[in-house]
1. At a temperature of 10 °C and a viscosity of 1.306 mPa s, determine how fast the stretch 82-182 diffuses translationally according to Stokes-Einstein, using the Kirkwood radius over alpha-carbon pairs as Rh; express D in µm²/s, rounded to the nearest whole number.
2. Using 0.36 nm per residue of separation minus the Cα-Cα distance, give me the extension gain between Glu123 and Leu156 in nm, one decimal.
3. Aspartates and glutamates near Lys48 by alpha-carbon distance under 17 Å, same-chain residues fewer than 8 away left out - which ones?
4. Of the candidates His116, His34, His146, which one comes out as most mobile in a Gaussian network treatment of the chain with C-alpha springs shorter than 10 Å?
5. Counting only protein heavy atoms and using a 1.4 Å probe, what share of the accessible area of the chain belongs to carbon plus sulfur, as a whole percent?
6. Please find, in a Gaussian network model of the chain (springs between Cα atoms separated by less than 10 Å), the residue of Ser122, Ser109, Ser86 whose mean-square fluctuation is greatest.
7. List the lysines whose Cα sits under 23 Å from the Cα of Lys77, skipping any in the same chain fewer than 8 residues away.
8. Skip the ligands, DNA and RNA, and give the accessible area per residue of the chain with a 1.4 Å probe, whole Å².
Amino acid sequence: MGALALAFSPALPAAEEGIWPRLRRGGLVLLMRHASTGPGLGDPPGFKLDDCATQRNLSEAGREESRRVGERLRHEKVAIARVYTSPWCRCRETAMLAFGQAEDWEPLSSYFDLPHREEEYSERVRKRIAGYATRKVAGNVVMVTHNVNIAALTRLSVATGEIVVVRPDGCCSLRTVERLRI
């Protein structure tokens, strides 16, 4: 069914068509915002990371978006070496539905309500991405996180389910390669 949907989906803009060969070669990092959620912004007061019932979670549309991302990347033969995720349930579920794997990593946590963590978390993510310049991985690395985190790293505000493809740039930085909306 997924293959049929891909076969009959509208053509991608030319800019997106050009990213697929680069993604097949690997060595890139895909910063993905979690897929669509229920209404609201942030999380309800008193939410707990270890209790998904207290958080803003994926909607049915978000679950379908997540599956569609994974199907498209598999269809395009994009190798995924590792998947890191924010410990928020909506990010973990996005990663599991799209890629079948997810490793929680604290620096991908939302700091929407904790802005004092932005600098520390962003620096740790930048350093990990920069490390891929010398420590090659077989495929690409995915990091599923939140808009606030991606905006701090790339200066881009992204839609739910959108991916910003970046590459390591020197010892301590990253460079945006492409935006990808599947």
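1. On the way: Rh = 13.7 Å.
D = 116 µm²/s.
2. 10.2 nm
3. Glu93, Asp104, Glu106, Asp113
4. The residue with the greatest mean-square fluctuation here is His116.
5. Values: 4870 of 9060 Å².
Carbon and sulfur atoms account for 54 percent of the accessible area of the chain.
6. Ser122
7. Those lysines meeting the cut-off are Lys136.
8. On the way: 9060 Å² over 182 residues.
Dividing the accessible area of the chain by its residue count gives 50 Å².
The values are calculated or read from the model by the stated rules, or taken from the named source; none is laboratory data. Predicted model, so just to flag it, every value in this text is computed and none were measured. Glycine also receives a Cβ, built like all others from the backbone with ideal geometry; neighbour counts cover every protein chain displayed. Ligands, DNA and RNA are stripped out before the accessible areas are found, and what is left, the full protein with its side chains, is counted by its heavy atoms. Shrake-Rupley method; radii C 1.70, N 1.55, O 1.52, S 1.80 Å.
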